[in-house]
Amino acid sequence: MQQEKRLVCVRVNGVVCKAQVETRRLLSDLLRHDLQLTGTHVGCEHGVCGACTVIFNGAPVRSCLMLAVQAHGGELLTVEGLASPDGTLHPLQQAFHDYHGLQCGFCTPGFLMAIYAFLQDNPQPDVSDEAIRVAIAGNLCRCTGYQGIVEAVRHVITQGVAR
């Protein structure tokens with residue numbers, strides 16, 4: 001049986017994108033397979049790990065839990081949209097590099113997007129380990145032990161370069 005298809009029009013990283021998708025297609029699949037934006041990773045496919053986090057209309061969402069048709073008419077920011085057009089890393093990306101906030105890198109895009117959204121909503125949050133760990137609690141990493149991530153976030157906060 002053929003699935004119903006719909007046209008989805010969404011602005012992704014400032015670019016209007018259109019795709020004809022099955023109504024059951026996940027947002028993560030639209031990004032990765034239809035739009036070739038493979039920075040959004042799919043880990044657990046249950047919304048638990050946070051690897052698929054993107055910003056939708058200003059709020060972080062798990063793209064593995066959202067249907068592509070739900071994004072129609074909206075605005076998305078993916079990890080590819082953080083860096084400048086000339087390739088200069090966003091301060092948060094640079095801090096992850098400088099403070100060893102990544103190892104295998106699989107979870108990194110989700111962490112970056114979740115932290116980016118958190119810092120947009122809270123430009124001057126508490127810089128204690130506990131407060132930062134609460135802010136990143138929705139994302140899981142199997143490699144780093146989180147200390148490098150905490151230090152990277154603290155650096156971005158204390159330097160005031162989150163935006």
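Each value in this text was obtained by applying a stated rule to the coordinates, not by laboratory testing. In this text, all values refer to a predicted model and were calculated from it rather than measured experimentally. Neighbour counts are summed over all protein chains in view; Cβ atoms, including those assigned to glycine, are modelled from backbone coordinates with ideal geometry.
Derived scalar couplings between HN and Hα for region 6-22 equal 9, 7, 10, 10, 9, 8, 10, 6, x, 10, 6, 10, 10, 8, 8, 10, 5 Hz in order, rounded to whole Hz, by the Karplus curve 6.51 cos²θ - 1.76 cosθ + 1.60 (θ = phi - 60°), x for Gly and Pro.
Work out which GluC sites (Glu not before Pro) in the chain are exposed loop sites (DSSP not H, G, I, E or B, at most 16 other Cβ within 10 Å) and give the longest gap free of them. Please list the in-between numbers first.
Details: sites that count: 4, 45.
The answer is 46-163.
Which trypsin sites (Lys or Arg not before Pro) in region 1-40 pass both tests, a DSSP loop state and at most 15 other beta-carbon atoms within 10 Å?
Numbers: sites: 5, 6, 11, 18, 24, 25, 32; in loops: 24, 25.
Sites meeting the loop and neighbour criteria: 24.
Along each principal axis, taking the top coordinate minus the bottom one, the Cα set of region 5-81 gives 29, 24, 20 Å in descending order. Peptide packing: for 116-127, 100-111, the average count of neighbouring Cβ atoms within 10 Å per residue gives the ranking 100-111, 116-127, highest mean first. Translational diffusion coefficient of the chain (Stokes-Einstein, Kirkwood radius from Cα pairs, 25 °C, 0.890 mPa s): 152 µm²/s.
Sequence-ordered 3J(HN,Hα) estimates for region 140-156 from the Karplus curve with 6.51, -1.76 and 1.60 and θ = phi - 60° stand at 10, 10, 9, 10, 8, x, 6, 5, x, 5, 4, 5, 5, 5, 4, 4, 4 Hz, glycine and proline given as x. For region 32-41, 3J(HN,Hα) computed residue by residue from phi via the Karplus equation (6.51, -1.76, 1.60; θ = phi - 60°) reads 6, 9, 7, 9, 6, 9, 8, x, 6, 9 Hz, glycine and proline entered as x.
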